[in-house]
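Reading through the structure tokens given below for one structure.
Only the coordinates and a few stated rules stand behind these numbers; no lab work does. Computed from a prediction, not measured in an experiment: that's the story for all the values here.
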Amino acid sequence: MVEQSAVPAECRIHALEMELKLCKQQIAGLELFYKDEKRRLDTAKEELASMKYHPMEERKTISQRDNKHVKRKKLKICNSCESLIC
């Protein structure tokens with residue numbers, strides 16, 4: 001059964017061609033965006049891989065911080081001891 005319409009077939013074909021053209025433009029834009037994001041992801045992965053993990057350096061900074069805290073406590077104790085002696 002053929003559908004009857006008041007709109008000529010040429011107009012409908014032209015509208016479909018325009019819609020197809022618009023879809024192709026959107027696809028091209030999305031592909032460009034995808035390539036850009038993929039490039040950024042690859043760059044971030046390379047930067048992450050180039051970073052070196054040094055667990056001993058991290059431990060030194062933590063232990064140094066703890067040592068300062070311990071020294072400060074010892075100084076306070078010593079100061080109070082000196083005041084008792086004097």
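Couple of notes before you dig in:
- Full-stretch length increase - residue 38, residue 53 - with 0.36 nm per residue and alpha-carbon distance subtracted: 2.9 nm
- Debye intensity ratio I(q)/I(0), log10, region 1-53, q values 0.16, 0.17, 0.18, 0.20 Å⁻¹ (C-alpha model): -0.68, -0.71, -0.74, -0.80
- Estimated vicinal HN-Hα couplings, Hz - region 26-43 in sequence order (Karplus 6.51, -1.76, 1.60; Gly, Pro = x): 5, 5, 4, x, 5, 5, 5, 4, 4, 4, 5, 5, 5, 5, 5, 5, 5, 4
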